[in-house]
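The values are calculated or read from the model by the stated rules, or taken from the named source; none is laboratory data. None of these values were measured; they are calculated from a predicted model. All Cβ positions, even for glycine, are placed from backbone atoms using ideal geometry, and neighbour counts span all protein chains on display.
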Amino acid sequence: MVHRNAPLTETGRLRLARCVVEDGWPLRRAAERFQVSPTTAQRWADRYRRLGEAGMTDRSSRPHHSPRRTPTHTERRIIKVRVLRRWGPARIAHLLRLVPSTVHRVLTRYGLARLAHLDRATGRAIRRYERDRPSELVHVDIKKLGNIPDGGHKVLGRAAGRKNRTNAGYGYLHTAVDDHSRLAYSEIHTDEKKETATAFWKRAHAYFTECGITVERVLTDNGSCYRSRGWRDALAAAGITHKRTRPYRPQTNGKVERVNRTLLDEWAYARPYRSETERREAFPQWLHSYNHHRGHTALKGQPPASRVPNLTGQYT
């Protein structure tokens, strides 16, 4: 590809070379005519004499020899550590006594995927996918979350937090996420029993229906609540197909797993709450912001609501 500031295209080089070689123009006259230096004109004329029209194409600027390039045996050691241990450039550099930038350059040269793009369990590249439209698939999952004692140990210290265990225990975040739009519906409950999960889904289904999303499939893990008769009957009554992830493969349900991680970072542990009640009161506002205002990297910086036409509350 010719640089946008280059004075000559391949056609221009050929015309310049023919003027000098075939028509006998002086170098300075040809250089002035095509607005290049005499040295440039000489170079293209010489190349035309040796290679003909084929010599007018661009050549790689890569050097023929790189005497200071990292030795091959060192590159092999870097790749071996990366594949076996799945470490980043800094840790590999410390182990092999190299500079992190050198390790990073080697990993890039051989096209090794970033650690964020690999499955932690298998080391294989994660296959990204997205349904073509809302309603094709909804991901459902439950996240167990420790409650905050009244006072909160992050505010008053752990010792004070231990003295007051009024709200100790766990909360369970039941979350449903549309695959295409990433629109999320979530509730906090005290357990993950089959009755709770089924009742949650009925409300989630009603929410998606209100948003104009007619759910066709639901993807869950193999938890006992999702294998219950009540769950099965609730989906069957609405004509929804139930899909389950393969055992020990949570990345299959990765979109809802990603929402879980986001809500932990941006809501559950975003600030030092003084009580579990205070944290739960902040949840509805955060969820609204996530759906309607927070930009999503997979959606080119747009919120999930941007992919759901005529969604109420999008601009509030």
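Just name the residue that is farthest from VAL177 (Cα to Cα) out of those in the stretch 187-207 that are out of contact with any helix residue (DSSP H, G or I) (no Cβ under 6 Å at 6 or more places or on another chain) and small (Gly, Ala, Ser).
Looking at residues that are out of contact with any helix residue (DSSP H, G or I) (no Cβ under 6 Å at 6 or more places or on another chain) and small (Gly, Ala, Ser), I get ALA199.
Answer with yes or no whether THR220 is modelled with pLDDT of 90 or more, over 27 Å from the mean Cα position of the chain (by Cα) and more than 20 Å from PRO272 (Cβ to Cβ).
The answer is no for THR220.
Does ARG128 count as farther than 24 Å from ALA298 by Cβ, at pLDDT below 80 and either crowded, with 21+ Cβ neighbours inside 10 Å or in contact with a His (Cβ under 9 Å, 6 or more places away or on another chain) (or both)?
no
Working only within the stretch 287-311, note down all residues that are within 17 Å of TYR207 (Cα to Cα) and either surrounded by 13 or more Cβ atoms within 10 Å (Cβ to Cβ) or without any contact (Cβ under 8 Å) to a residue 24 or more places away in the chain (or both).
Hits for the stretch 287-311 are LEU287, HIS288, SER289, TYR290, ASN291, HIS292, PRO304, ALA305, SER306, ARG307, VAL308, LEU311.
Which residues, taken from the stretch 1-39, are under 46 Å from the mean Cα position of the chain (by Cα), hydroxyl-bearing (Ser, Thr, Tyr) and not in a loop (DSSP other than H, G, I, E, B)?
Residue satisfying the conditions is THR11 alone.
Considering only the stretch 52-96, how many residues are farther than 30 Å from LEU8 by Cβ, over 31 Å from the mean Cα position of the chain (by Cα) and exposed (fewer than 10 other Cβ atoms within 10 Å of the Cβ)?
5
Yes or no, residue by residue, for (1) within 23 Å of ARG261 (Cα to Cα); (2) out of contact with any Cys (no Cβ under 7 Å at 6 or more places or on another chain); (3) surrounded by 14 or more Cβ atoms within 10 Å (Cβ to Cβ):
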position: ILE188; (1), (2), (3): yes, yes, yes
position: LYS194; (1), (2), (3): no, no, yes
position: HIS205; (1), (2), (3): yes, yes, yes
position: PHE208; (1), (2), (3): yes, yes, yes
position: ILE213; (1), (2), (3): no, yes, yes
position: VAL218; (1), (2), (3): yes, yes, yes
position: CYS225; (1), (2), (3): yes, yes, yes
position: SER228; (1), (2), (3): no, yes, yes
position: ALA236; (1), (2), (3): no, yes, no
